[in-house]
Amino acid sequence: MVPTGKQVPRILSPEDLRAILEKCRETDLYLCRYIVFCLWTGAWHSEAKGLLRQNIDWSQGMYRLTGKGNRERIVLLIPQFIEALSPVKRYIGPVFALEHADT
């Protein structure tokens, strides 16, 4: 039940998501990867920005992150994401290192 006076957040339709991703692919591949990562994992913006390569458990296909309230949670990574990062997995640092005006 939604509390009185509160508005229910709008959920994007599959068509909306396709349109957003198509536009991203055309204009900004970095932002597209970032959005797709958040969609695949359910990660919040701050969680995705804080993803470090050295904190990924490559053999288990997951990483631990500390979210709101200093709570830890495990995020499972799909094989396509792990494969996409495999050439750079020996490096350390943020996965999404570049600042983008829209993130």
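The values are calculated or read from the model by the stated rules, or taken from the named source; none is laboratory data. Computed from a predicted structure; not experimentally measured. Cβ sites come from the backbone with ideal geometry, for glycine too, and all protein chains shown count toward neighbours.
Any idea which residue in the stretch 72-103 is farthest from residue 30 (Cα to Cα), counting only those that are in a helix (DSSP H, G or I) and at pLDDT 80 or above?
79
Quick check on the stretch 1-34: of everything there that is surrounded by 10 or more Cβ atoms within 10 Å (Cβ to Cβ) and of a type in the set (Asp, Glu), which residue is modelled with the lowest pLDDT?
Of the residues in the stretch 1-34, the ones surrounded by 10 or more Cβ atoms within 10 Å (Cβ to Cβ) are 12, 16-25, 28-34.
Filter again for of a type in the set (Asp, Glu), leaving 16, 22, 28.
Details: 16: 92, 22: 90, 28: 84.
Applying the filter and picking the extreme gives 28.
Within the stretch 51-71, can you find the residues that are in a loop (DSSP other than H, G, I, E, B) and touching a Pro at 6+ places or on another chain (Cβ under 9 Å)?
51, 61
Looking at the stretch 55-71 only, could you name the residues that are modelled with pLDDT under 85, out of contact with any helix residue (DSSP H, G or I) (no Cβ under 8 Å at 6 or more places or on another chain) and not basic (Lys, Arg)?
Result: 55, 66, 69, 70.
From 43, 19, 48, grab the single residue that is within 12 Å of the chain's Cα centre (by Cα), assigned to a helix (DSSP H, G or I) and small (Gly, Ala, Ser).
Numbers: 43 fails: assigned to a helix (DSSP H, G or I); 19 fails: within 12 Å of the chain's Cα centre (by Cα).
Result of the check over 43, 19, 48: 48.
Looking at the stretch 40-94, which of its residues are free of Cβ contacts under 8 Å to residues at least 40 places away in the same chain, surrounded by 14 or more Cβ atoms within 10 Å (Cβ to Cβ) and among the charged types (D, E, K, R)?
Within the stretch 40-94, 47 is the sole residue that qualifies.
Report yes if residue 37 is assigned to a loop (DSSP other than H, G, I, E, B), at pLDDT below 85 and surrounded by 15 or more Cβ atoms within 10 Å (Cβ to Cβ), otherwise no.
Values: assigned to a loop (DSSP other than H, G, I, E, B): no; at pLDDT below 85: yes; surrounded by 15 or more Cβ atoms within 10 Å (Cβ to Cβ): yes.
Answer is no for this residue.
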